[in-house]
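The values are calculated or read from the model by the stated rules, or taken from the named source; none is laboratory data. None of these values were measured; they are calculated from a predicted model. All Cβ positions, glycine included, derive from the backbone under ideal geometry; neighbour counts span all protein chains shown.
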Amino acid sequence: MIRILVNGALGKMGAETVKAVSGDAGLVLVAKTDATDELLHIIKETKPEVAVEFTHPACVKKNVELLLRAGVRPVVGTTGLSAADLADLDVIARSCNLGVLVAPNFAIGAVLMMKFAATAAQYMPRVEILEFHHDQKADAPSGTAVKTADLIAETYEKINDVVLDEKELVVGARGGTYRNIPIHSIRLPGFVASQEVIFGGLGQTLKLRHDSISRDSFMPGVLIAIRKVQEITGLVYGLENVL
Ligand SMILES: NC(=O)c1ccc[n+]([C@@H]2O[C@H](COP(=O)([O-])OP(=O)(O)OC[C@H]3O[C@@H](n4cnc5c(N)ncnc54)[C@H](OP(=O)(O)O)[C@@H]3O)[C@@H](O)[C@H]2O)c1
């Protein structure tokens, strides 16, 4: 039985993770922690092997560092970690001889959407990303949109290699640009997490869309990550790397 701590357990994703871990015969939930708890103290008392982290972009890096230095393997769903943060966590994890798995999206369908988007970019090199989330999401763009743009740009470095003759009459109307790809972030009640990757070509468009319509969509991926994080050393970024 793998001993699990859930950090952010009172939040939307944390509560869903508590349910999923409790229903898995191979896992035992030893601790639920949230913003007001003394994380290090609870780790010492309950001795978790893996910690699932769904908290807030402002504290995620500090939490993951603390977990690693305390000898706990983190599975991280919280978004907002920069490339520099990820590089730092890789170094810390290696120095502790532990693994850390960070996934901006644990839904298998979203992982497939990103993979298909990277493939499509080789044939249709004009693309924009729209991402849709509930209105309590703290960061924009989403980690999934950033990861999708990274995968596309790494697959086809000349993506969107045109200069458009346009003027933005309302600031932000054309979205934010990351790796030369416009990203449009929509925040409305009713959404959990959705994304469209839209390619445009001569006389045609291709739209790849994924919808998480409930938070249990993320749980099979979280349960896989809990097991896989025990087999790795250093950082693995993206669920697709352990499937
Ligand atoms: N990777 C994925 O597949 C995936 C899927 C969905 C969401 N996410 C991401 O997961 C994160 C959490 O999302 P959510 O919807 O669950 O948010 P949420 O409902 O706001 O829950 C976050 C919880 O973490 C707590 N928290 C804040 N600071 C903390 C700290 N220092 N230590 C421990 N707990 C702390 C919050 O407490 P307070 O309310 O008191 O601040 C809250 O209970 C976000 O970054 C979101 O984008 C990832």
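Observations on the structure shown:
- Residues in segment 1-20 that are more than 6 Å from the ligand (Cβ to nearest atom) and closer than 16 Å to residue 43 by Cβ: 2, 3, 4, 5, 6, 9.
- Counting the residues of segment 181-192 that are surrounded by 15 or more Cβ atoms within 10 Å (Cβ to Cβ) and not hydroxyl-bearing (Ser, Thr, Tyr) gives 6.
- Scan of segment 205-240 for residues that are buried (at least 18 other Cβ atoms within 10 Å of the Cβ), among the hydrophobic types (A, V, I, L, M, F, W, C) and closer than 28 Å to residue 68 by Cβ, ordered by number: 218, 219, 222, 223, 224, 225, 226, 229, 235, 236, 239
- Test: residue in segment 35-53 that is small (Gly, Ala, Ser), within 21 Å of residue 239 (Cα to Cα) and either surrounded by fewer than 20 Cβ atoms within 10 Å (Cβ to Cβ) or in contact with a Gly (Cβ under 8 Å, 6 or more places away or on another chain) (or both): no
- Condition check for residue 97: touching a residue at least 12 places away in the same chain (Cβ under 8 Å) and on the phi > 0 side of the Ramachandran plot: yes
- Test: residue in segment 179-193 that is part of a helix (DSSP H, G or I), at pLDDT 95 or above and away from the ligand (no atom under 16 Å from the Cβ): no
- Selection within segment 118-170 - over 22 Å from residue 77 (Cβ atoms), of a type in the set (A, V, I, L, M, F, W, C) and either touching a Pro at 6+ places or on another chain (Cβ under 8 Å) or within 16 Å of the ligand (Cβ to nearest atom) (or both): 159
- Test result for residue 152, of a type in the set (A, V, I, L, M), outside the structural domain of residue 12 (by TED's automatic domain parsing) and in a helix (DSSP H, G or I): yes
- In the condition set (1) surrounded by fewer than 17 Cβ atoms within 10 Å (Cβ to Cβ); (2) touching a residue at least 60 places away in the same chain (Cβ under 8 Å), residue 128 is compliant with all but (1).
- For residue 131, the test of being under 16 Å from the mean Cα position of the chain (by Cα) and of a type outside the set (Lys, Arg) is passed.
- Extreme residue, farthest from the chain's Cα centre (by Cα), among residues of segment 38-75 that are among the hydrophobic types (A, V, I, L, M, F, W, C) and within 8 Å of the ligand (Cβ to nearest atom): 39
- Long-range neighbours under 9 Å by Cβ, at least six apart or interchain, first residue over 18 Å from residue 110 (Cα atoms) within segment 74-94, second hydroxyl-bearing (Ser, Thr, Tyr) and not in a loop (DSSP other than H, G, I, E, B): 81/237; 86/237; 90/237
- Close pairs (8 angstrom Cβ cut-off, 6 or more residues apart or separate chains): under 21 Å from residue 192 (Cβ atoms) and free of Cβ contacts under 8 Å to residues at least 12 places away in the same chain in segment 211-235, in a helix (DSSP H, G or I) and of a type in the set (Asp, Glu) anywhere: none
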